[in-house]
Amino acid sequence: SPDGRTVAAGWADGSRRLWSVTTGTLVAESLHEAHPIQSLWHGGATVRSLCKEGCLRSWTPERDDHALIEIHVTAAAFGDRVTALATQETLVVQVGGESWIADEYFESPIRRLALSPDGLLLAAAGALRPVRLFDLSGRRALTELDRLFWPTALHFTPDGRLLVTQSA
């Protein structure tokens, strides 16, 4: 969580759990998803998860409130003010209250997204294309990273200066 008091985890059985960092005890648990969790974001009051089948769910543990977004999502990245979703070859980004679509950059389904810690850069990897970096404040593609085909994971370092990739 942003305040460092709780940590969230998603499991292969589709459950999500929230623990206290100080005591190590289970604070909340959600068993509403039937598919394995692919990615998870804990932004304080809300936990968002993307299952491997492409379903996106928002969970508010305090109220045990669940919302399922009925779209097929191939990748997702979340930040404090940023939501990025990929549906096949289309990338939809919302920064603050403004949204934009980047659909001219991908010829194959987008499989991985990573958001820099400051929320200014987004890395996106398609199934058949190299990784692209986007400037979110300028709403534009910055560059295409050569020789980074078919990454299975994308992550920015905590300081946001490096993008770490893994390929199969």
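What follows draws every value from the coordinates through simple rules; no lab data is involved. Treat the numbers as computed from the prediction; the structure is a model and nothing was measured. Don't worry about glycine lacking a Cβ; one is built from the backbone with ideal geometry, like all the others, and counts go over all protein chains shown.
According to the Kirkwood relation over distinct C-alpha pairs, the hydrodynamic radius of region 69-131 is 11.7 Å. Model label points for LEU133 and ASP159, set 7 angstrom from Cα along the Cα-to-Cβ axis, are 1.5 nm apart. Label sites at VAL21 and ILE101, each approximated as a point 7 angstrom past Cα along Cα to Cβ, lie 3.9 nm apart.
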